[in-house]
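Below is one structure; the comments refer to it alone.
The values are calculated or read from the model by the stated rules, or taken from the named source; none is laboratory data. Since the model is a prediction, treat every value here as computed from it, not as a measurement. Glycine also receives a Cβ, built like all others from the backbone with ideal geometry; neighbour counts cover every protein chain displayed.
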Amino acid sequence: VHMAAPIYLRGRARRGPTFEEALKMHAVARIALGRHIPNIQVSWVKMGVRGSQLALQAGANDLGGVLMNENISRAAGADHGQELTPPEMEDLIRAIGRTPRRRTTLYGVPA
């Protein structure tokens, strides 16, 4: 997501991770942090729908939230969408054999 970020374009920041590096980070985070940090989130805006599915299979267990008119990642060069509706998120999750569940900010059950 770094390609269009001003700090990167000015040569003041390294490139962002490759897709493979990002996927491995989710997998390693699950192995290394799983007992201490039970919820590892994947950003569909940064990884895309298919990338998010792969990250959920590699170690993440939380799909980043519903966004409307997301523009921060897009402005930095992300190729993926600006909006993913709750039904679309549920379909994405079910397509890999998982059961979607809504949560609060603190991982509680919504009222």
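M68 passes all but one of (1) surrounded by 11 or more Cβ atoms within 10 Å (Cβ to Cβ); (2) among the hydrophobic types (A, V, I, L, M, F, W, C); (3) modelled with pLDDT under 95; which number fails?
(1)
Give me the pairs, please: first residue somewhere in segment 4-16 and under 16 Å from K46 (Cβ atoms), second residue anywhere and basic (K, R) and surrounded by 12 or more Cβ atoms within 10 Å (Cβ to Cβ), beta-carbon distance under 9 Å, and either six or more positions apart or on two chains.
Cβ pairs passing all conditions: A4/R74; G16/K46.
For residues that are closer than 26 Å to G108 by Cβ and of a type in the set (D, E), tally how many sit in segment 12-65.
So the count comes out to 1.
Which residue, of A60, A75, A55, A111, is under 23 Å from I7 (Cα atoms) and either exposed (fewer than 14 other Cβ atoms within 10 Å of the Cβ) or modelled with pLDDT of 95 or more (or both)?
Values: A60 fails: under 23 Å from I7 (Cα atoms); A55 fails: under 23 Å from I7 (Cα atoms); A111 fails: under 23 Å from I7 (Cα atoms).
Exactly one of A60, A75, A55, A111 is under 23 Å from I7 (Cα atoms) and either exposed (fewer than 14 other Cβ atoms within 10 Å of the Cβ) or modelled with pLDDT of 95 or more (or both), namely A75.
Across segment 78-107, which residue is farthest from V49 (Cα to Cα) among those that are aliphatic (A, V, I, L, M) and modelled with pLDDT of 90 or more?
Within segment 78-107, the first condition is being aliphatic (A, V, I, L, M), and the residues that meet it are 78, 84, 89, 92-93, 95-96, 106.
Subset that is modelled with pLDDT of 90 or more: 89, 92-93, 95-96, 106.
On the way: M89: 9, L92: 7, I93: 10, A95: 11, I96: 11, L106: 24 Å.
Once the filter is applied, the top-ranked residue is L106.
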